[in-house]
Amino acid sequence: MPSATSAIQSKLPKVGTTIFTHMSKLAEDYKAINLAQGFPEFDCSPDLQMLVDKYIRQGKNQYAPMAGVLTLREAISKKIFEATSTEYHPVTEITITSGATEALYVAISTVVNLGDEVIVFEPAYDSYVPAIEMNGGIPVFVTLDPQYEYIDWEVVSSKITEKTKAIIINTPHNPTGKVWTSTDLEQLDLLAEKHDLFVISDEVYEHIIFDGLQHISAVSIPSLAARTFLCGSFGKTFHATGWKVGYCLAPKEFTAEFRKIHQYMVFSVITPFQFAIAEFLKDPEHYLSLSSFYETKRNIFINAIKHTGLKLKPSEGSFFQNVSYENLSDEHDLALAERLTKEAGVASIPISSFYDQPTDFRVLRFCFAKNNETLLRAGELLNKVNW
Ligand code: PMP
Ligand code: GLN
């Protein structure tokens, strides 16, 4: 008789442990500098920590409302209105989630039914495709040009069929650091309208954007906002990826369906942290200073690796710098990332892991959300590599 465990029919047969877990474990085992998994090396603000402490001591320790603490939803509503002039009603259109990961999963689950196709740009953040497949959907890939310079809207258009239900976008983009332009969003608006598509917009790096570029939210265009689930997170914005507090903004009818799933997935999200974030959001400087903070780090890292022979890809936003090593080595990117971790003491993420089909553009992603000394030390180590 088969054992119960061997009888499980996997819903995700192609999926193993994520590349982030794999590379972080390898970095730990080999005591390498971890520029692989994207998380800050530094702590969140002591003021924010004090606020959490304050609310824990005030007894805000029981279940939050299913949709989230109202003061946080109000603060998000104000913030998004100031940035985009789009109004989201805190009671009916904003839901606090367990990180953007839950927001994305639930948004996908809300709109995707069996056999529906969903357009995904690749390289793609790793959680989108499993979420589509778990809901019986079919991911349809549009590959970004290897230089990350533009989005070919004719290709996007050619991939849309009568089964296409939604399109997932991510700006600033992980892993490339590409930022979508206003023209991109206008093109998206036209296509989404023409084919009546839902849009799921992952904007977790909204406040990390460089060289004077502006983040343009999908919801800054009213017609696009009317079909969009905007997924955000405080993990990157407040250097608190472990808190897993995110949110989803969507029109009232979308939010009603979204909450039906959210309420059975997590019901509600950690209470004192929501109160603390709501209070901390009162000072916009807490997030508006983030771009220059990270731009400095990006530049320190770029400077530290300038004699390695690695070729830089543009990094317009997020906290990732991609580099091409095609002129240095023929090694497969995963093998190289593993070898660099073990031999050079610097961990990175191979870009091929963000593609559906085996692809190797000979590109590695480095996370520069680290202390300056760490970035300089990583540069020194990479300078010594025997490619
Ligand atoms: N989307 C992107 C593009 C990300 O990089 C991440 C995590 N780094 C997430 C979503 C998930 O965010 P969270 O940690 O808030 O779940
Ligand atoms: N978003 C992070 C990254 O891109 C990783 C998050 C995770 O490990 N799931 O590195």
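Please report the net charge: other residues with Cβ closer than 9 Å to the Cβ of ALA75, K and R +1, D and E -1. Mind dumping the intermediate values first?
Numbers: positive: ARG73, LYS78, LYS79, LYS282; negative: GLU74, GLU279.
The answer is +2.
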Across ILE138, ILE261, ILE349, the residue with the highest GNM fluctuation in the chain (Cα network, 10 Å cutoff) is ILE261
Net charge (Lys, Arg +1; Asp, Glu -1) of residues whose beta-carbon lies under 13 Å from that of ALA226, ALA226 excluded, is -4
Cβ-Cβ cut-off under 13 Å around PHE319, Lys and Arg +1, Asp and Glu -1: the net charge is +1
Expected vector for segment 347-357, Karplus 3J(HN,Hα) from phi with 6.51, -1.76, 1.60 and θ = phi - 60°, integer Hz, x for Gly and Pro, equals 9, 9, 10, x, 5, 4, 6, 9, 10, 6, 9
What the Cα atoms of segment 108-173 span along the principal axes, largest first and in whole Å, is 34, 24, 14
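Work out, step by step, the length gained on full extension between SER157 and ASN299: first 0.36 nm times the residue separation, then minus their alpha carbon distance; give nm to one decimal.
So the extension gain works out to 47.5 nm.
How much of the DSSP bridge set in the chain is antiparallel, in percent, rounded to the nearest 5? Each step should come with its number before you reach the end.
Details: 18 of 39 bridges.
Expressed as a percentage, antiparallel bridges in the chain total about 45.
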The answer for ASN170, listing residues at least 5 apart or on another chain whose modeled amide H is closer than 5 Å to its amide H, is ASP202
Here FRET efficiency (C-beta to C-beta, TYR30 to GLU149, R₀ 35 Å, nearest 0.05) is 0.50
Simple spin-label estimate for ASN372/SER292, 7 Å along Cα→Cβ, in nm, reads 1.4 nm
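Quick one: Cα convex hull volume of the chain, Å³ per residue? Intermediate values should be presented prior to the final figure.
Working: hull volume 61.3 nm³, N = 387.
Convex hull volume per residue, Cα atoms: 158 Å³.
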Most fluctuating of LEU328, LEU197, LEU51 in the GNM of the chain (C-alpha, under 10 Å) is LEU328
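Restricting to segment 171-268, what percent of DSSP beta bridges are antiparallel, rounded to 5?
Numbers: 4 of 8 bridges.
Expressed as a percentage, antiparallel bridges in segment 171-268 total about 50.
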Dividing the helical contributions, -39500 (n - 2.57) per DSSP H run of n ≥ 4, by the residues of the chain yields a 222 nm value, nearest 500 deg cm²/dmol, of -11000 deg cm²/dmol
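Please compute the alpha carbon radius of gyration of segment 33-131, then divide it by the globular-protein estimate 2.2 N^0.38 Å. Two decimals is fine. List each step's numbers first, then the result.
Details: Rg = 17.5 Å, N = 99, 2.2 N^0.38 = 12.6 Å.
Segment 33-131 yields a ratio of 1.39.
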Cross-link reach from LYS282 to lysines, straight Cα distance under 21 Å and at least 8 residues apart if same chain, gives LYS54, LYS60, LYS78, LYS79, LYS236, LYS244
Rounded to the nearest Å, the spacing of the alpha-carbon centers of segment 228-249 and segment 104-123 is 19 Å
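Can you tell me the FRET efficiency between SER10 and LEU114 if r is taken as the Cβ-Cβ distance and R0 is 25 Å, rounded to the nearest 0.05? Present the calculation step by step, with values, prior to reporting the outcome.
Working: r = 18 Å, r/R0 = 0.71.
Calculated value: 0.90.
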Distance in nm between LYS311 and LYS78 label points, each 7 Å along Cα→Cβ, equals 4.9 nm
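For a footprinting-style exposure proxy, rank ARG227, ARG339 by other Cβ within 10 Å, fewest first.
Lowest count first: ARG339, ARG227.
If R₀ is 45 angstrom, what is the calculated FRET efficiency for the pair PHE42 and SER3, using the beta carbon separation as r and rounding to 0.05? Please report the intermediate quantities before stating the final value.
On the way: r = 47 Å, r/R0 = 1.04.
Working from the Cβ atoms, E equals 0.45.
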Of THR183, THR110, THR164, the most mobile residue in a GNM of the chain (C-alpha springs, cutoff 10 Å) is THR183
Inter-part gap, Cα centre of segment 193-207 to Cα centre of segment 261-340, in whole angstrom, is 20 Å
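We did not get these values from a lab; they are worked out from the coordinates using the rules stated. This is a predicted model, so every value here is computed, not measured. Cβ: placed from backbone, ideal geometry, glycine included. Neighbour counts: every protein chain shown.
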